[in-house]
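The values are calculated or read from the model by the stated rules, or taken from the named source; none is laboratory data. Every value quoted in this text rests on a predicted model; they were computed, and no experiment measured them. Reconstructed Cβ throughout: ideal geometry from the backbone, glycine too, with neighbour counts over all protein chains shown. For the accessible areas, the whole protein counts, side chains as well, though only heavy atoms, and no ligand, DNA or RNA atoms are used. Shrake-Rupley method; radii C 1.70, N 1.55, O 1.52, S 1.80 Å.
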Amino acid sequence: MRKLAAGNWKMNGTLADLAELDALALACAEATCDILICPPATLIHPMVARIGGGGISVGGQDCHAAESGAHTGDLAAGQLRDAGADHVIVGHSERRADHGETDAAVAAKAAAAHRAGLRSIICVGETEAQRDAGDTLDVIARQLAGSVPECATADNSVIAYEPVWAIGTGRTPTNDQIAEVHAAMRRALAARFADGAEMRLLYGGSVKPSNAAAIFALPAVDGALVGGASLKAVDFAQIVAALDAA
Ligand code: PGA
């Protein structure tokens with residue numbers, strides 16, 4: 001299974017920051033894992049133009065479920081593809097929280113991404129209250145069942161486990177907690193999809209150079225979705241190197 005280091009720039013970055021991409025491309029020239037950066041939509045095309053089909057893929061952070069129409073401010077998956085993206089994140093917890101996205105809405109977005117020829121990165125994750133209540137595995141099972149569409153395959157879909165309380169906080173679950181959730185996700189996907197056992201599973205939430213190697217050593221962790229530490233090429237390159245070494 002090819003490993004994937006995915007960076008999520010969130011609402012950060014302007015044209016001036018494309019220099020970070022040059023530094024990343026240089027630092028990761030020999031990398032063997034897949035590398036993806038999901039910048040703000042304004043930077044997708046400039047990024048693709050700048051790295052010109054090199055070893056770094058470019059993705060969106062969200063898409064609408066419809067192909068086109070009266071949806072002011074939204075972007076269709078086909079438009080992301082047109083701009084040069086080949087991936088799109090759907091169901092990130094910040095989208096679920098800020099925009100009230102339900103599991104059904106996330107599944108519809110992922111299906112739209114697949115129709116447009118994009119690979120979806122479908123995010124799931126429990127809140128701190130859900131973890132404290134002992135509901136983590138139930139929450140993840142419910143989100144997987146509702147957010148991963150029937151058209152998902154190991155080729156067109158990647159699943160990211162991102163505990164909401166670990167995102168941007170510097171806190172991470174214990175290695176045992178990550179391993180437990182990833183094992184449960186692999187079992188659930190294998191039971192539901194013909195090639196579900198081959199779907200790549202990313203961990204996300206405060207991944208940084210200092211904890212990446214330990215997380216990548218866990219079974220059923222096939223890479224990471226990285227927010228803050230993807231903004232600086234030196235940090236993200238170290239995470240890519242840790243993934244390559246795992
Ligand atoms: P973080 O974000 O690495 O800054 O915690 C991860 C994410 O939201 O994908």
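Observations on the structure shown:
- Residues satisfying the criterion are present in the stretch 85-105 (criterion: within 15 Å of the ligand (Cβ to nearest atom), free of Cβ contacts under 8 Å to residues at least 60 places away in the same chain and in contact with a Cys (Cβ under 6 Å, 6 or more places away or on another chain)).
- Extreme residue, nearest to MET1 (Cα to Cα), among residues of the stretch 214-228 that are over 11 Å from the mean Cα position of the chain (by Cα) and open to solvent by less than 20 Å² (accessible area, probe 1.4 Å): ASP222
- Only residues that are over 26 Å from GLY196 (Cα atoms), assigned to a loop (DSSP other than H, G, I, E, B) and polar (S, T, N, Q) were counted in the stretch 1-56, giving 2.
- Qualifying residue in the stretch 220-229 (condition: over 30 Å from GLU150 (Cα atoms), touching a residue at least 12 places away in the same chain (Cβ under 8 Å) and within 15 Å of the ligand (Cβ to nearest atom)): yes
- Any hit, the stretch 168-176, residues being of a type outside the set (Phe, Trp, Tyr), closer than 18 Å to GLY7 by Cβ and surrounded by 15 or more Cβ atoms within 10 Å (Cβ to Cβ): yes
- Applying the condition of being in a helix (DSSP H, G or I) and touching a Ser or Thr at 6+ places or on another chain (Cβ under 8 Å) to the stretch 105-129 and asking which residue is surrounded by the most Cβ atoms within 10 Å (Cβ to Cβ) yields ALA113.
- Filtered by the rule that a residue be open to solvent by 20 Å² or more (accessible area, probe 1.4 Å) and either touching a strand residue (DSSP E or B) at 6+ places or on another chain (Cβ under 7 Å) or at positive phi (or both), the stretch 204-213 gives a lone residue, SER206.
- Within the stretch 146-162, considering residues that are more than 13 Å from the chain's Cα centre (by Cα) and surrounded by 22 or more Cβ atoms within 10 Å (Cβ to Cβ), the one farthest from the ligand (Cβ to nearest atom): ALA152
- Residue match in the stretch 73-83 (condition: among the hydrophobic types (A, V, I, L, M, F, W, C) and open to solvent by 20 Å² or more (accessible area, probe 1.4 Å)): yes
- Selected residue (criterion: nearest to VAL181 (Cα to Cα)) from residues of the stretch 91-104 that are over 12 Å from the mean Cα position of the chain (by Cα) and part of a helix (DSSP H, G or I): ASP103
- Among the residues of this structure, ARG171 counts as one that is more than 18 Å from the chain's Cα centre (by Cα) and within 14 Å of the ligand (Cβ to nearest atom).
- Per-region count, the stretch 5-21, residues open to solvent by 30 Å² or more (accessible area, probe 1.4 Å), more than 22 Å from GLY73 (Cα to Cα) and at pLDDT 90 or above: 2
- The residue that is nearest to PRO40 (Cα to Cα), among those in the stretch 192-203 that are touching a helix residue (DSSP H, G or I) at 6+ places or on another chain (Cβ under 8 Å) and surrounded by 18 or more Cβ atoms within 10 Å (Cβ to Cβ), is TYR203.
- Residue check, GLU162 over 25 Å from ASN12 (Cβ atoms) and touching a residue at least 40 places away in the same chain (Cβ under 8 Å): no
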